[in-house]
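*Asks:* Sharing a structure here in C-alpha cells format.
The values are calculated or read from the model by the stated rules, or taken from the named source; none is laboratory data. Only a predicted model underlies this, so the values are computations on that prediction, with no experimental measurement involved. Quick reminder, even Gly has a Cβ in these numbers, built from the backbone with ideal geometry, and neighbours come from all protein chains shown. Heads up: the accessible areas ignore ligands, DNA and RNA and are worked out on the full protein's heavy atoms, side chains in. Shrake-Rupley method; radii C 1.70, N 1.55, O 1.52, S 1.80 Å.
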Protein chains: 2
Amino acid sequence: MTTSFLPEHEVPRSLHEVAQQLRADAVRCSAAAAAGHPAAALSSADLVAVLLARHLRYDFADPTAAGNDHLVFGQGQAAPLYYAMLRAAGAISEHELLSYRQLHSRLEGHPTPRLPWVDVAAGSLGQGLPIGTGMALAGKRLDKLPYRVWVLYGDSELAEGSTWEAAEQAAGSCLDNLTLIVNLSQAGQPGPGRDAAAYAARFRAFGWHAQQVDGHDVEAVDRALGAAAAHPGAPSVILARTHAGPAGAAAGGARAIRVEVAPPLPVPAARRPRPVLPWSEDRWSDDQWSEEWWEAVSWSGDPWSDDPWSEVSRPGTPGSVRWLPPAFEPGSMESTRTGFGEALAALGSARPGLAVLDAAGSDATRTSFFARAHPDRFFECYAEQQMLAAAVGIQVRGWVPFAATFAASLTRAYDFIRMAAVSQASIRLVGSHAGVSAGGDGPAQMALEDIAAMRAVYGSTVLSPCDANQAAWLTGAMADLPGVSYLRTGGGPLPVIYQPRERFAIGGSRVLRSGPGDQVTLVAAGITVHEALAAADLLAEDGIAARVIDAYSVKPLDVATVRAAARDTGRIVTVEDHWPEGGLGDAVLGALAADSARAGGGRPLPVVRKLAVRSMPGSAAPAEQVQLAGIDMASIATAAAELVGADLP
Amino acid sequence: MTTSFLPEHEVPRSLHEVAQQLRADAVRCSAAAAAGHPAAALSSADLVAVLLARHLRYDFADPTAAGNDHLVFGQGQAAPLYYAMLRAAGAISEHELLSYRQLHSRLEGHPTPRLPWVDVAAGSLGQGLPIGTGMALAGKRLDKLPYRVWVLYGDSELAEGSTWEAAEQAAGSCLDNLTLIVNLSQAGQPGPGRDAAAYAARFRAFGWHAQQVDGHDVEAVDRALGAAAAHPGAPSVILARTHAGPAGAAAGGARAIRVEVAPPLPVPAARRPRPVLPWSEDRWSDDQWSEEWWEAVSWSGDPWSDDPWSEVSRPGTPGSVRWLPPAFEPGSMESTRTGFGEALAALGSARPGLAVLDAAGSDATRTSFFARAHPDRFFECYAEQQMLAAAVGIQVRGWVPFAATFAASLTRAYDFIRMAAVSQASIRLVGSHAGVSAGGDGPAQMALEDIAAMRAVYGSTVLSPCDANQAAWLTGAMADLPGVSYLRTGGGPLPVIYQPRERFAIGGSRVLRSGPGDQVTLVAAGITVHEALAAADLLAEDGIAARVIDAYSVKPLDVATVRAAARDTGRIVTVEDHWPEGGLGDAVLGALAADSARAGGGRPLPVVRKLAVRSMPGSAAPAEQVQLAGIDMASIATAAAELVGADLP
C-alpha cells in the first residue's frame, strides 16, 4: 500500500500500544474534566490507532496543506479520543490535553474549528458523512487532488436519514476517495441496534463497498482500511464491531507512548488554497458579530472593485475578478430569482472558485443558468440536508459555494445551517418563492419563517432584494461574505426600479421617498417595497408625506437610516411578507431599542406598527395573497394614516 | 381478499375506466386553474384507481370514523389526482373540483386538512411515509384497530433521508398495516433516477416486503396491493414503473364516469375518537391565532380542573382527569427537565390518551420516567424528523403526543414542525439542555435559536419555565393545547422558587418583585429569572427599585403585565439565554410596539435594553457561560443601573 502515512518500517511500536496510549489519554482527559463520554473513545481507540499510524496522510504542522487527507470525527461523544489522537501526533501538549471542557480551552465538549486540525464541528449526529461527502466531491471534481476523506461514525448515526442522503450522493458520484468507519459499539446513544451484516446490506443496496471487521483486531482493521482505499469506483464503509472493554485496560496503558509525526507526503499544490479572510484571525471575539460590529464596519458595497461594470480586474482580491452583472431595464418586469440566476452564471465565469449546489429545484431557483454555463462546478444534491452539508464540505477547501432551493425547503436543513455557523463555515444560501406571494401552491410552499430562522443563526447575513438588478448585485456581494449568508428571492415578476449595476452595500438600505415634512416612515423589503411605494402615493393624495425605506439588508440592518427616520417622523410602519415573529419588524424594533438604551442618552422608541402575515394562507393568486395578508398598499396606507391621525404625546 | 372496499361483484365498470375518469378530471381541474402539475397525476392514475376501487376502506361521508383506512398523498404535485379521486368518490362536486387553486377554495395547490378527508398536509417531499408510519404505529399499538395506512409517493421522495428514517422505524416495529406505493415516473422533481430493482433492494435491506410492478397494469397492481396487505410482519412497498402517457389518452377519457361509494365496512368503534376542540370549527379565521386573540381568551390556567391537587375528576373534559403533579420543595435544587419528566409520568397515569416519543435521548430529556411507567405508550424513534412525523401521525387519531429531545436537535426537524402547523396538528414538543447553560458540551449542544424558530411557527405556544414546579404545571397545561406547543427545559439544577402545584396560565407571567417606586423592570424567563432576582437584590443595595417579571409564557406573552410595567417604570431590561434575534426580547418589543400603535392612542415605547447571547460560546461550566454571555446578575444590574442613571426625556 502506498497510502500509509508512516511507512511500515518506521512504525515505532505496535498498533496495540498506540491504541492503549489513546485509551489512556482519553480517560485521563475525561477524568480531569470530570465529564465527557469515554465509552465511545474506548471502543474506537483501535480503529483510530490504525487510521492514524498507517493510513491518514496528514501534516499536523500544516493543517491547511492542500494534499492533506480529511478526517471527520462524526461521533462527537468520542471527543476525548480525538484529543488523545492530537496528543499522540504531537499537535497538542499534555497541558492542553488536560484542559478538555474547561473555560477558554480549545478542547471543547465536541471538537470545533477553534482547533486548526478540525475542518467542521462535531456534535450533531449524522452530519459527518454528509459533510465528508462534500469534501470528497471537492477532491474529485474541484481540487482534483488525491486526498482521502475518512469519516468516523458512531452506530446511532446510521439512524439519521441524513446518512442515507449522503450514501446516495456518494455512491452516485462514485466517490472512491471516501471511507466511512462505523464504530458499532452500541455504547453511545441508543440506536435501533442492527448488526454489522444488516448495515452492510443497506450500504451495498445504496451502491457502496462494504466490509465487516472485528474493531479490535488491528491487523484486520489495517487490511480493511487498505482495501477500502484501494477499491475503485465506489465509496467504502467499514462496519467495525467493538466494545468499550474492561476499564482496567485503559488504566494499564497509561504510559508515555508517542507517535512521531513524519513529514507530509509530497502532494500537488492546491489549486485553490483556503483564503485568508480579513476577520479570520479573531473571528470569535465577543462583539465581532454583534450589530454594533456590523454597524462599525465600513462596507464598500463591493468586495472586489470600486467600478465593476467597467470590468476592472483586481489582483490580490480572492480570485481576481472580472464580471459584468446582468442588466435589467428599469420599468420592465422581472423576478428576483432570475436576477440572482443570471448574476450567478456571470459571476461563475469571473470566479473559478465558485461552486453551486441545488436540491432538485434548479429550474425554479434559477441555478440552472449556472449549471448550463459551468456544469463542472454544479452539484445536484437532491436532498436539502445533503445540499447544505456538501456546501460546508467544499468550502473547507476554500471553494465558494452557493446553495439554492425553495426558501420553504431550507427549513429541512436548519440543523445543518446552525452547525455551519459553529463550524465557522462560509456558505451562501438562496431561497426562492418566499412568502405568501408564492401564490397558488399553498402554504406548504411558502417560506414565512425563513427570515426569523436565518436571523437567529450566529454571524449570519440576511438579504431580501426587491428587484432583479438589486438581486444581481447582492449575489455578487455575497461571494466574499464570511459566515452564513442568505438571499431571499421571489417567484413572480416584480417591477425593476433600480438602475442596472447600481451598488448595494451589505448593511445598507435605500431611501426611496423622503422629504423634510415626512410624517411617517414605511420600512419594507422584497415584494413589500412595491406595495409601500404605492401606499406612499395613496397617502400623498390624502396630503400625508411618507418616507419609504427599502431595507433589503435585513441583517445587518441599516440602523442609522432607520434611527434617523424614527427621529424625523416619529412613526414607523414595517411591512413584511413573513410571520410577525422574528422578521423585518422585529429587526427594526431591535435596532431602535438598542438606540434607546444607549447609556447616558435614554430615548424612548417611536411609535411602531408591524404589518405581517397573521393568518394561514390558502391558495390564491399572488396579488390576492398580499391583499388577504394585509401587507398590500391599501393596508399599509391605512395603518400609516391611523398613526398620523393619532396624537403623539 | 377481504380487504376490498367495493366487493368484486359490485365494481360497476373496469378499473381502466375509473383511471381514465381520474386522468380526465385531473387534467380538467389543472386546466381550469391554468396551473398545477398534471404529469404526476397522469402517471399515477391507474395506481389510485385500483386503490380507490378495490382496496381503500374509507367512508367519505364520515372521514373521522375510527375504522377508516388512512391515505397519505405524499406526492404533493399530484394534488389534481387527489381531487379527481374525491370527485370520483362523490365527496366533492364538479363545481368544487374546478375551483382548484382559486381564492377561498378548499382545493389548494397541495392538499391540506381544510378538506375533511385530508389527515395531514402534503407538499414537503419525504414527509408522507414518516407521518404514515406514525399512523400505522397508532393503529398497531394505540388504537389496536385493523385499519391500513396507504402512502402514495413520488420517486424523488426516495432521495429524502426522512424516508429511510421511516423505513427503519416501520420495519423495526413490524408495521404490516403500512403500504407504500411509489410512482416511479421520473416525471416530477428530478431524483437520482435509480430503477425499481435498485429501490426494491434498498427497502429489502431495511426489512421491508418489496414488489415491483408495471404501474399501468391494473390487474398486476391489484394483485400487488392485495399481496402487500396480506404480507405479515413487515411493511410493504410497491415500486410502480409509470409514465405520464400520451396527452390524448387523458382527453379521450373525459366522460362522466362515477364510482359510487358503498357504505363503509363495519368496523370496531374507535377507542379514542378525535376530540372536538372548542376552536376546531373555525381554526383558520383571520385573527384567531393573533396575539390579540390570545390576549382576549380567558385562560383558566388549568384546562381540566379548578382544583387539581385535590384530585377532582371532571367528566366532560377530554379524558376525564385525575392527576397529581409532582411536588418539589421550595428552596431545593432541581432541574426543569426533571419537573417535566415527573409530571409527564404522572399525567400519563391520569390520561390514557397521552403518548410520548423520544429520539434516543430519553435519559437526558427525562421521558424515561414516562417510558418506565407506561411502556405501551412510549415510542423510541431514534431520529428527530421521524419523532416529529410520528407525533403528527398519532395525533391524527386523537392521541395526545409529547415529543422530546435535546432542544438543539429540534432544529433537525424544523420543516416537520412547520408542516405540522399547516396540518393543523396538535403536538407538544419539549427541548432539553437549552441555552449556554448546557455548559461543557459546547455550542453544538446549545439551543440558542429555538425560541426564534418556535415563535415563528403559526399558532405556536412557547413556554420557558424557571423551576421544576412551574415546568410540571406547564406540562399539564400543554396536554390540551391546540397547535404546536413547545416547552424549553434546562439540564442543570435550579432553585425551586414556586410552591408545589402553583398554577401558571398559558399567556400569563409572574411579577416576582414590585413596588410603587419601581424604576426599572427586568423581564426574564427560564434560567435568567434567577439571575434577574439576584440582580434586583444588587440594585436594591444601590437604592434602585427593580420590578422582576418571570415571562415563562414567551408566546403568547402576558402583554398586559409587560405594558403595565412599561408605563410604571419607563425602562425595561430583557434578559434571555438565547441569541438576540427572535427571542424573549423581540417578543417584549413586539408587544410594546403593538401597544404603541393602537389607533387613537399613539404612545411612544419605553426605553428597552435587550441582553442576550452575542458571541459563540465554547465549553465551560454553566455559571461561567452565563457570565461570559453577559446574562448574569452582574450584567443585568449594570444594564439596569445605566438605564436608571440616564435621563428620560
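*Asks:* Has segment A:359-373 got at least one residue that is more than 12 Å from every other protein chain (Cβ to nearest Cβ), in contact with a Cys (Cβ under 9 Å, 6 or more places away or on another chain) and open to solvent by less than 10 Å² (accessible area, probe 1.4 Å)?
*Replies:* no
*Asks:* Examine segment A:419-428 for a residue that is closer than 19 Å to A:GLU342 by Cβ, of a type outside the set (A, V, I, L, M, F, W, C) and modelled with pLDDT of 95 or more, and state whether such a residue exists. So that I can check it myself, show each step before the final result.
*Replies:* Step one: list which residues in segment A:419-428 are closer than 19 Å to A:GLU342 by Cβ, which gives A:428.
Still in the running and of a type outside the set (A, V, I, L, M, F, W, C): A:428.
Applying the additional criterion that residues be modelled with pLDDT of 95 or more yields A:428.
Taking every residue of segment A:419-428 in turn, at least one turns out to be closer than 19 Å to A:GLU342 by Cβ, of a type outside the set (A, V, I, L, M, F, W, C) and modelled with pLDDT of 95 or more.
*Asks:* Kindly indicate the residue of segment B:121-137 that is within 23 Å of B:GLY67 (Cβ to Cβ) and in contact with a His (Cβ under 9 Å, 6 or more places away or on another chain) and also surrounded by the fewest Cβ atoms within 10 Å (Cβ to Cβ) among those meeting that condition.
*Replies:* Of segment B:121-137, the ones within 23 Å of B:GLY67 (Cβ to Cβ) are B:128-129, B:131-137.
Of the ones still in play, those that are also in contact with a His (Cβ under 9 Å, 6 or more places away or on another chain) are B:132, B:135-136.
Details: B:GLY132: 32, B:MET135: 32, B:ALA136: 29.
Here the residue is B:ALA136.
*Asks:* In segment A:374-390, what count of residues is obtained for those that are within 11 Å of another protein chain (Cβ to nearest Cβ), open to solvent by 10 Å² or more (accessible area, probe 1.4 Å) and in a helix (DSSP H, G or I)?
*Replies:* The qualifying residues number 1.
*Asks:* Do the conditions hold for B:ASP480, that is, is it at pLDDT 95 or above and among the acidic types (Asp, Glu)? Lay out the reasoning, then the answer.
*Replies:* Values: at pLDDT 95 or above: no; among the acidic types (Asp, Glu): yes.
So B:ASP480 fails the test.
*Asks:* Also: For segment B:478-499, how many residues are part of a strand (DSSP E or B), open to solvent by 10 Å² or more (accessible area, probe 1.4 Å) and of a type in the set (S, T, N, Q)? Break it down stepwise before answering.
*Replies:* Start the filter on segment B:478-499 by keeping residues that are part of a strand (DSSP E or B), which leaves B:484-488, B:494-495.
After this cut, where a residue has to be open to solvent by 10 Å² or more (accessible area, probe 1.4 Å) as well, the list is B:488, B:494-495.
Those left that are additionally of a type in the set (S, T, N, Q): none.
Going through segment B:478-499 one residue at a time, the tally reaches 0.
Conditions tested, residue by residue: (1) farther than 30 Å from A:LEU324 by Cβ; (2) touching a Pro at 6+ places or on another chain (Cβ under 6 Å).
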residue	(1), (2)
A:ALA505	no, no
A:LEU512	no, no
A:LEU538	yes, no
A:ALA566	yes, yes
A:GLY570	yes, yes
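*Asks:* Can you tell me which of (1) open to solvent by less than 10 Å² (accessible area, probe 1.4 Å); (2) under 24 Å from the mean Cα position of the chain (by Cα); (3) modelled with pLDDT of 95 or more is the one B:VAL182 doesn't meet?
*Replies:* (2)
*Asks:* Find the residue count for segment B:159-176, including only residues that are within 18 Å of B:LEU71 (Cα to Cα), open to solvent by less than 20 Å² (accessible area, probe 1.4 Å) and more than 8 Å from chain A (Cβ to nearest Cβ).
*Replies:* Step one: filter segment B:159-176 for residues within 18 Å of B:LEU71 (Cα to Cα), giving B:163, B:166-167, B:170, B:175-176.
With open to solvent by less than 20 Å² (accessible area, probe 1.4 Å) added as a condition, the list becomes B:163, B:166-167, B:170, B:175.
Next, from what is left, pick out any that are more than 8 Å from chain A (Cβ to nearest Cβ): B:166-167, B:170, B:175.
Here the count works out to 4.
*Asks:* Looking for something open to solvent by 10 Å² or more (accessible area, probe 1.4 Å) and either within 27 Å of B:ASP450 (Cβ to Cβ) or within 11 Å of chain B (Cβ to nearest Cβ) (or both) - is there at least one such residue anywhere in segment A:541-552?
*Replies:* No; the residues of segment A:541-552 include none that is open to solvent by 10 Å² or more (accessible area, probe 1.4 Å) and either within 27 Å of B:ASP450 (Cβ to Cβ) or within 11 Å of chain B (Cβ to nearest Cβ) (or both).
*Asks:* Of the residues that sit in segment A:377-417 and are touching a residue at least 40 places away in the same chain (Cβ under 8 Å) and among the charged types (D, E, K, R), which one is farthest from A:ILE527 (Cα to Cα)?
*Replies:* A:ARG397
*Asks:* Could you go through segment B:391-405 and let me know if any residue there is open to solvent by 10 Å² or more (accessible area, probe 1.4 Å) and under 22 Å from A:SER156 (Cα atoms).
*Replies:* No, the conditions are met nowhere in segment B:391-405.
Table: residues versus (1) at pLDDT 95 or above; (2) more than 7 Å from chain B (Cβ to nearest Cβ).
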residue	(1), (2)
A:HIS110	no, no
A:GLY123	no, no
A:GLN127	yes, yes
A:ARG141	yes, yes
A:ASP155	no, yes
A:LEU178	yes, yes
A:ASP195	no, yes
A:PHE206	yes, no
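*Asks:* May I pose another question? Please work out which one of (1) open to solvent by less than 10 Å² (accessible area, probe 1.4 Å); (2) over 19 Å from B:ALA612 (Cβ atoms); (3) touching a Gly at 6+ places or on another chain (Cβ under 8 Å) is the condition B:ALA505 fails and give its number.
*Replies:* (1)
*Asks:* Also: Return the total of residues in segment B:560-606 being at pLDDT 95 or above, in a loop (DSSP other than H, G, I, E, B) and facing chain A (nearest Cβ under 10 Å).
*Replies:* 6
*Asks:* List the pairs whose first member sits in segment A:205-233 and is closer than 25 Å to A:HIS243 by Cα, whose second member is acidic (Asp, Glu) and open to solvent by 40 Å² or more (accessible area, probe 1.4 Å), and whose Cβ atoms are under 7 Å apart, counting only residues at least 6 apart or on separate chains?
*Replies:* Within 7 Å, the pairs are A:ALA220/A:ASP214.
*Asks:* Would you be able to say whether some residue in segment A:561-579 is farther than 25 Å from A:ALA634 by Cβ, open to solvent by less than 10 Å² (accessible area, probe 1.4 Å) and within 25 Å of the chain's Cα centre (by Cα)?
*Replies:* Checking segment A:561-579: not a single residue is farther than 25 Å from A:ALA634 by Cβ, open to solvent by less than 10 Å² (accessible area, probe 1.4 Å) and within 25 Å of the chain's Cα centre (by Cα).
*Asks:* Sort out which residues of segment A:78-107 are surrounded by fewer than 19 Cβ atoms within 10 Å (Cβ to Cβ), within 14 Å of chain B (Cβ to nearest Cβ) and in a helix (DSSP H, G or I), and write them in order of number.
*Replies:* Of everything in segment A:78-107, just one residue is surrounded by fewer than 19 Cβ atoms within 10 Å (Cβ to Cβ), within 14 Å of chain B (Cβ to nearest Cβ) and in a helix (DSSP H, G or I), namely A:GLU96.
*Asks:* Let me ask you something else. Could you check, for segment A:55-69, whether at least one of its residues is part of a helix (DSSP H, G or I) and either more than 30 Å from the chain's Cα centre (by Cα) or modelled with pLDDT of 90 or more (or both)? Please lay out each step first, then the result.
*Replies:* Of the residues in segment A:55-69, the ones part of a helix (DSSP H, G or I) are A:55.
Okay, now just the ones that are also either more than 30 Å from the chain's Cα centre (by Cα) or modelled with pLDDT of 90 or more (or both), so A:55.
Checking segment A:55-69: at least one residue is part of a helix (DSSP H, G or I) and either more than 30 Å from the chain's Cα centre (by Cα) or modelled with pLDDT of 90 or more (or both).
*Asks:* While we're on this one: Scan segment B:426-444 and report the pairs whose first residue is more than 24 Å from B:ALA389 (Cβ to Cβ) and whose second residue is open to solvent by 10 Å² or more (accessible area, probe 1.4 Å) and among the β-branched types (Val, Ile, Thr), with Cβ atoms within less than 7 Å and a gap of 6+ or a chain change.
*Replies:* These pairs meet every condition: B:GLY435/B:ILE527; B:SER437/B:ILE527.
*Asks:* Taking the condition farther than 18 Å from B:ILE181 by Cα and surrounded by fewer than 19 Cβ atoms within 10 Å (Cβ to Cβ), does B:PRO38 pass?
*Replies:* On the way: farther than 18 Å from B:ILE181 by Cα: yes; surrounded by fewer than 19 Cβ atoms within 10 Å (Cβ to Cβ): no.
No, not satisfied.
*Asks:* Next question, about the same structure. Among the residues of segment B:90-97, are any more than 29 Å from the chain's Cα centre (by Cα) and within 21 Å of B:TYR153 (Cα to Cα)?
*Replies:* There is no residue in segment B:90-97 that is more than 29 Å from the chain's Cα centre (by Cα) and within 21 Å of B:TYR153 (Cα to Cα).
*Asks:* Condition check: in contact with a strand residue (DSSP E or B) (Cβ under 7 Å, 6 or more places away or on another chain) and free of Cβ contacts under 8 Å to residues at least 60 places away in the same chain. Does A:SER509 satisfy that?
*Replies:* On the way: in contact with a strand residue (DSSP E or B) (Cβ under 7 Å, 6 or more places away or on another chain): yes; free of Cβ contacts under 8 Å to residues at least 60 places away in the same chain: yes.
It is true that A:SER509 is in contact with a strand residue (DSSP E or B) (Cβ under 7 Å, 6 or more places away or on another chain) and free of Cβ contacts under 8 Å to residues at least 60 places away in the same chain.
For (1) within 11 Å of chain B (Cβ to nearest Cβ); (2) under 23 Å from A:THR112 (Cβ atoms); (3) crowded, with 24+ Cβ neighbours inside 10 Å, each residue gets a yes or a no:
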residue	(1), (2), (3)
A:ARG412	yes, no, yes
A:ALA421	yes, yes, no
A:GLY431	no, no, yes
A:ALA447	yes, no, yes
A:VAL462	yes, no, yes
A:ALA471	no, no, yes
A:GLY476	no, no, yes
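*Asks:* Same structure, new question: B:GLY439 - would you say it is modelled with pLDDT under 95, open to solvent by less than 10 Å² (accessible area, probe 1.4 Å) and more than 7 Å from chain A (Cβ to nearest Cβ)? Working first, answer last.
*Replies:* Values: modelled with pLDDT under 95: yes; open to solvent by less than 10 Å² (accessible area, probe 1.4 Å): yes; more than 7 Å from chain A (Cβ to nearest Cβ): yes.
Here the answer is yes, as B:GLY439 does meet what is asked.
*Asks:* I would also like to ask the following. Among B:SER615, B:SER635, which is open to solvent by 10 Å² or more (accessible area, probe 1.4 Å) and either farther than 25 Å from A:GLY582 by Cβ or modelled with pLDDT of 95 or more (or both)?
*Replies:* Working: B:SER615 fails: either farther than 25 Å from A:GLY582 by Cβ or modelled with pLDDT of 95 or more (or both).
Criteria check complete, one pass: B:SER635.
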